[in-house]
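Undergrad: Let me give you the structure first, and then I'll get to my questions.
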There are 2 protein chains.
Amino acid sequence: MPKPTADSAALGLGVDRTSPVPLYYQLARQLETAIEQGLLAPGSLLGNELELAARLGLSRPTVRQAIQSLVDKGLMVRRRGVGTQVVHSRIKRPLELSSLYDDLEAAGRRPATRVLRNTVEPATADIAAALGVAEGSDVHLVERLRYAYDEPMALLCNHLPPQLLDLGTERLESTGLYRMMRSAGITLHSARQTVGARAATVEEGELLDEAAGAPLLTMERTTFDDGGRAVEYGSHVYRAARYAFEFQLLVRP
Amino acid sequence: MPKPTADSAALGLGVDRTSPVPLYYQLARQLETAIEQGLLAPGSLLGNELELAARLGLSRPTVRQAIQSLVDKGLMVRRRGVGTQVVHSRIKRPLELSSLYDDLEAAGRRPATRVLRNTVEPATADIAAALGVAEGSDVHLVERLRYAYDEPMALLCNHLPPQLLDLGTERLESTGLYRMMRSAGITLHSARQTVGARAATVEEGELLDEAAGAPLLTMERTTFDDGGRAVEYGSHVYRAARYAFEFQLLVRP
DNA sequence: ACCTGCGAATTGTCAGGACATATAGTCGAC
DNA sequence: GTCGACTATATGTCCTGACAATTCGCAGGT
């Protein structure tokens, strides 16, 4: 028995029909935690769908929907005629579209922000194209210096469509841009990023406490909400010695 | 009527039941091309699911499955009580997990490869951890210099588990690593990447035709197949002036 | 003019069944 | 002993039907 079938009875699986949480979602969460806790060993086969549905008192489509969500996350693999098994290594989920502020705060690195500029300016051609507004129309411009542990970390230049947010300088210095968007009811959906590197200019070196010519990590990002509208275009530079991007790429067939 | 309902009859929608291609997939592709060609205007409402199913002679679950795949790609948004509409701006699909060789060839930049090393060595601790093998066990080591337009572009150092591929030096110089994997029946699934920057060492500068201290873009990547096994660990450096990473991040709720 | 409650429209969830198809193991013929 | 065909098994696809939850427009009252 090289690939044992998991004993689903021992996994504490079971749904609560009085809960407003969808049944497929309850099951998916339970399976996911079972995988994370090692109760479902990598490579082990999940019992077949019909049997699993019968034991839980669910229909097969519901069970399939739960399993499919885990397959989409890369936690499981289905093979016709064989069954569904847990992948061998832990594939972490794709990183959430995150803000630098949240990342730093989650790492306990005491983020701080100094606002260098906070104005409204006419959009240049490339910025208008990125945000999907008319060239020359007013856009917000925010330039910030981000610190961690009281040391400069990154220089952030962001452009936003007009009348999207109330960009008070005090709030900008106490929280992150994405958090302000979320609390304004904007649901972020995706972002297109370009990451590169270049040498620091003299001005950048002074602001970031680096020598001119020091390697910097650059990132340009356009962020879209769930309606597909661009809500932000950012042009950031990071001190290479203190920051790197970590993320996951998925193959989409 | 600020949000017109699309006239699906004019979109040439219709499925071929004699085809072995799944019906939901046929429909999804047709909708996707209609969006790309502008026949389905951004913001326009797709007719309701029941009516669409009736017109196409399909059941509602099949139509839902087709639409859901487009929603997952970020091309459409569903709202209960409202309908399904095309997102406002074109959100391009997340970039496929790609190899540098394929990228360069697709851009017509005449990629070439010089193999610097191609040996088997015992795994160090960090490489063993990345590949999920025992420390000290044999792993393949491949070091290559990648050219575009006869100019050096990147220095690629890759480690692979043993007996995964036949790594002939001649094949390595004529194609890319991922292409060799795919033709060996390996289905790539995802990759975890870390992207940063640093200054070039003297050796790197000589190989890449840059001065020592020039900014380089660095990338470390572990790639997994669909069974969750690590199939490659790469440590690459790119000339910053000639290369940048472009990719898309999705919010996963 | 504004607020409130009702109802129509639409997607979200779930059930149960039917048949198709790929996989792996077994059994038989050679 | 080896190779091929058959069969059991599991997922892939698709159908019909039903009810719940959410949104938005509209009528009515304040």
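Undergrad: Check the stretch B:133-154 and report whether any residue there is out of contact with any Gly (no Cβ under 8 Å at 6 or more places or on another chain), farther than 17 Å from B:Pro111 by Cα and within 14 Å of another protein chain (Cβ to nearest Cβ).
TA: yes
Undergrad: For the stretch B:212-225: of the residues being over 22 Å from B:Gly176 (Cβ atoms) and within 10 Å of another protein chain (Cβ to nearest Cβ), which is surrounded by the fewest Cβ atoms within 10 Å (Cβ to Cβ)? Steps first, answer last, please.
TA: Within the stretch B:212-225, the first condition is being over 22 Å from B:Gly176 (Cβ atoms), and the residues that meet it are B:212-215.
This time we only want the ones that are within 10 Å of another protein chain (Cβ to nearest Cβ), so: B:213-215.
Values: B:Gly213: 16, B:Ala214: 20, B:Pro215: 24.
The residue in question is B:Gly213.
Undergrad: Any residue at all in the stretch A:3-17 that is loosely packed, with under 15 Cβ neighbours inside 10 Å, modelled with pLDDT of 85 or more and either part of a helix (DSSP H, G or I) or more than 25 Å from the chain's Cα centre (by Cα) (or both)?
TA: At the first step, the residues of the stretch A:3-17 found to be loosely packed, with under 15 Cβ neighbours inside 10 Å are A:3-5, A:7, A:9-10, A:12, A:14, A:16-17.
From what's left, modelled with pLDDT of 85 or more: A:16-17.
Then keep just the ones that are either part of a helix (DSSP H, G or I) or more than 25 Å from the chain's Cα centre (by Cα) (or both); that gives A:16-17.
Yes - at least one qualifying residue is present in the stretch A:3-17.
Undergrad: For the stretch A:174-188, what are the residues that are free of Cβ contacts under 8 Å to residues at least 60 places away in the same chain and either at the interface with another protein chain (Cβ under 10 Å from one of its Cβ atoms) or touching a Gly at 6+ places or on another chain (Cβ under 6 Å) (or both)?
TA: Across the stretch A:174-188, the qualifying residue is only A:Thr187.
Undergrad: Return yes when B:Ala54 is within 10 Å of DNA strand D (Cβ to nearest atom) and assigned by TED's automatic domain parsing to the domain that holds B:Val15 and no when it is not. Show your work before the answer.
TA: Numbers: within 10 Å of DNA strand D (Cβ to nearest atom): yes; assigned by TED's automatic domain parsing to the domain that holds B:Val15: yes.
Yes, satisfied.
Undergrad: Can you tell me which residues in the stretch B:226-241 are under 22 Å from A:Gln85 (Cα atoms) and at the interface with chain A (Cβ under 9 Å from one of its Cβ atoms)?
TA: Matches in the stretch B:226-241: B:Asp226, B:Gly227, B:Gly228, B:Arg229, B:Ala230.
Undergrad: Can you tell me which residue within the stretch B:134-155, out of those that are touching a residue at least 40 places away in the same chain (Cβ under 8 Å) and in contact with a helix residue (DSSP H, G or I) (Cβ under 7 Å, 6 or more places away or on another chain), is surrounded by the fewest Cβ atoms within 10 Å (Cβ to Cβ)? Full working, then the answer.
TA: Pass one, the stretch B:134-155, residues touching a residue at least 40 places away in the same chain (Cβ under 8 Å): B:145-146, B:148-155.
Filter once more, keeping what is in contact with a helix residue (DSSP H, G or I) (Cβ under 7 Å, 6 or more places away or on another chain): B:145-146, B:148, B:152-155.
Working: B:Leu145: 16, B:Arg146: 21, B:Ala148: 22, B:Pro152: 18, B:Met153: 21, B:Ala154: 22, B:Leu155: 22.
Out of the qualifying residues, it is B:Leu145.
Undergrad: How do the helices (runs of 4 or more DSSP H) wholly within the stretch A:20-113 filter down when requiring 2 or more residues that are within 11 Å of DNA strand C (Cβ to nearest atom), modelled with pLDDT of 90 or more and closer than 30 Å to A:Met181 by Cβ: which remain?
TA: On the way: elements: A:23-36, A:49-56, A:60-72, A:100-106.
In the stretch A:20-113, the matching helices (runs of 4 or more DSSP H) lie at A:23-36.
Undergrad: In the stretch A:65-76, which residues are within 9 Å of DNA strand D (Cβ to nearest atom) and either surrounded by fewer than 18 Cβ atoms within 10 Å (Cβ to Cβ) or at the interface with another protein chain (Cβ under 10 Å from one of its Cβ atoms) (or both)?
TA: A:Gln68, A:Val71
Undergrad: Okay, moving on. Restricting attention to the stretch B:209-251, which residues are over 20 Å from the mean Cα position of the chain (by Cα) and in contact (Cβ under 8 Å) with a residue 60 or more places away in the chain?
TA: Residues of the stretch B:209-251 over 20 Å from the mean Cα position of the chain (by Cα): B:209-216, B:239-242.
Listed by number, the residues that qualify are B:Arg239, B:Arg242.
Undergrad: Hey, can you tell me all the residues within the stretch A:197-208 that are under 15 Å from A:Cys157 (Cβ atoms), facing chain B (nearest Cβ under 9 Å) and either touching a residue at least 40 places away in the same chain (Cβ under 8 Å) or part of a strand (DSSP E or B) (or both)? Before the answer, list the steps.
TA: Initially, the stretch A:197-208 is screened for residues under 15 Å from A:Cys157 (Cβ atoms), giving A:198, A:200-201, A:203-204, A:207-208.
Filter once more, so that each one left must be facing chain B (nearest Cβ under 9 Å): A:198, A:200.
A:Arg198 - this is the single residue of the stretch A:197-208 that is under 15 Å from A:Cys157 (Cβ atoms), facing chain B (nearest Cβ under 9 Å) and either touching a residue at least 40 places away in the same chain (Cβ under 8 Å) or part of a strand (DSSP E or B) (or both).
Undergrad: Residues being crowded, with 20+ Cβ neighbours inside 10 Å and more than 21 Å from B:Glu246 (Cβ to Cβ): count how many of those fall in the stretch A:181-198.
TA: Summing the residues that are crowded, with 20+ Cβ neighbours inside 10 Å and more than 21 Å from B:Glu246 (Cβ to Cβ) in the stretch A:181-198 gives 1.
Undergrad: Taking A:Ala123, is it in contact with a helix residue (DSSP H, G or I) (Cβ under 9 Å, 6 or more places away or on another chain) and over 27 Å from A:Arg242 (Cβ atoms)?
TA: Working: in contact with a helix residue (DSSP H, G or I) (Cβ under 9 Å, 6 or more places away or on another chain): yes; over 27 Å from A:Arg242 (Cβ atoms): yes.
So A:Ala123 fits the description; yes.
Undergrad: Would you check if there is a residue in the stretch B:157-178 being at pLDDT 95 or above, within 18 Å of B:Tyr243 (Cβ to Cβ) and buried (at least 19 other Cβ atoms within 10 Å of the Cβ)?
TA: Just the residues of the stretch B:157-178 that are at pLDDT 95 or above, to begin with: B:157-159.
Next, only the ones that are within 18 Å of B:Tyr243 (Cβ to Cβ) stay: B:157-158.
After this cut, where a residue has to be buried (at least 19 other Cβ atoms within 10 Å of the Cβ) as well, the list is B:158.
Yes, the stretch B:157-178 contains at least one residue that is at pLDDT 95 or above, within 18 Å of B:Tyr243 (Cβ to Cβ) and buried (at least 19 other Cβ atoms within 10 Å of the Cβ).
Undergrad: Taking the options B:Val139, B:Val82, B:Val115, B:Val120, name whichever one is more than 24 Å from the chain's Cα centre (by Cα) and within 16 Å of DNA strand D (Cβ to nearest atom). So that I can check it myself, show each step before the final result.
TA: Numbers: B:Val139 fails: within 16 Å of DNA strand D (Cβ to nearest atom); B:Val115 fails: within 16 Å of DNA strand D (Cβ to nearest atom); B:Val120 fails: within 16 Å of DNA strand D (Cβ to nearest atom).
Every option except B:Val82 fails the conditions.
Undergrad: Please work out if A:Ala191 is within 11 Å of chain B (Cβ to nearest Cβ) and over 18 Å from A:Asp102 (Cα atoms). Step through it out loud before you land on a result.
TA: Numbers: within 11 Å of chain B (Cβ to nearest Cβ): yes; over 18 Å from A:Asp102 (Cα atoms): no.
No.
The values are calculated or read from the model by the stated rules, or taken from the named source; none is laboratory data. All of these numbers come straight from a predicted model, not from anything done at the bench. Because the Cβ atoms are built from the backbone with ideal geometry, glycine has one as well, and the counts that use them run over all protein chains shown.
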